[in-house]
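Accompanying notes for the structure given below.
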Amino acid sequence: MPSDAAPLPSPPASPTAWYSYAVIRVVPRVERGECLNVGVILFARELGYLEARIELDAARLRALAPEADAAQIDRHLRTISAMCAGAPEGGPLAALPPSDRFHWLTAPRSTVIQTSPIHVGATADPEVTVEELLDAFVRPPTA
């Protein structure tokens with residue numbers, strides 16, 4: 001090969017980035033351990049992405065726990081979304097860096113609103129991945 005030949009271009013960077021996610025659960029009676037999956041928190045550090053998507057199905061919650069206060073649960077779930085977005089409604093924790101917010105939100109707790117263990121994956125588009133996770137873990141299966 002002649003020495004004046006142009007160098008080969010380097011391959012493009014991978015279009016995927018690693019992400020971590022947890023499923024958000026409502027556990028109306030902690031002592032029973034029964035839960036309803038109501039959302040997903042997805043964090044992709046490389047993409048600067050942190051988002052919680054919540055879909056509280058009030059009818060399913062009533063079927064699981066008729067005594068549950070759906071309005072209060074919904075308010076707490078909206079706070080989670082605000083924290084992920086870094087919005088003032090998320091309180092002082094919303095001002096933390098995204099990785100700190102994600103780890104604070106996914107820390108194990110024994111309350112009505114909990115998260116699953118953290119899982120990982122790779123994505124080219126976190127918006128699409130959040131929708132896929134909602135379909136897989138939150139939304140009722142379609143016939």
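The values are calculated or read from the model by the stated rules, or taken from the named source; none is laboratory data. Bear in mind the structure is a predicted one, so any value in this text is a computation, not a measurement. Note that each Cβ is placed from the backbone with ideal geometry, even for glycine, and that neighbours are counted across all protein chains shown.
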Consider only pairs whose beta carbons are under 6 Å apart and that are at least six residues apart or on different chains; among these, list those whose first residue lies in the stretch 75-86 and is closer than 21 Å to residue 57 by Cα and whose second residue is among the β-branched types (Val, Ile, Thr).
76/113; 77/54; 81/54
With surrounded by 13 or more Cβ atoms within 10 Å (Cβ to Cβ), among the hydroxyl-bearing types (Ser, Thr, Tyr), within 12 Å of the chain's Cα centre (by Cα) and closer than 19 Å to residue 139 by Cβ as the only criterion, which of 116, 20 stands out?
116
Does residue 42 meet the test of being surrounded by 15 or more Cβ atoms within 10 Å (Cβ to Cβ), at pLDDT 95 or above, of a type outside the set (Val, Ile, Thr) and more than 12 Å from the chain's Cα centre (by Cα)?
no
List the number of the failed condition for residue 74; all other conditions in (1) buried (at least 17 other Cβ atoms within 10 Å of the Cβ); (2) outside any loop (DSSP other than H, G, I, E, B) hold.
(1)
Report yes if residue 80 is crowded, with 16+ Cβ neighbours inside 10 Å, over 11 Å from the mean Cα position of the chain (by Cα) and in a helix (DSSP H, G or I), otherwise no.
no
Pick from the stretch 45-71 the residues that are part of a helix (DSSP H, G or I) and of a type in the set (Gly, Ala, Ser): which of them is surrounded by the most Cβ atoms within 10 Å (Cβ to Cβ)?
70
Filter result for residue 50 (of a type in the set (A, V, I, L, M) and in contact with a Lys or Arg (Cβ under 7 Å, 6 or more places away or on another chain))
yes
In this structure, does residue 33 turn out to be within 21 Å of residue 18 (Cα to Cα) and among the small types (Gly, Ala, Ser)?
no
Tabulated pairs, the stretch 102-116, first at pLDDT 95 or above, second surrounded by fewer than 18 Cβ atoms within 10 Å (Cβ to Cβ) and in a loop (DSSP other than H, G, I, E, B), C-beta under 6 angstrom, 6+ apart or interchain:
106/118
Of all residues being in contact (Cβ under 8 Å) with a residue 12 or more places away in the chain and closer than 15 Å to residue 41 by Cβ in the stretch 119-128, which is surrounded by the fewest Cβ atoms within 10 Å (Cβ to Cβ)? Just the residue, please.
120
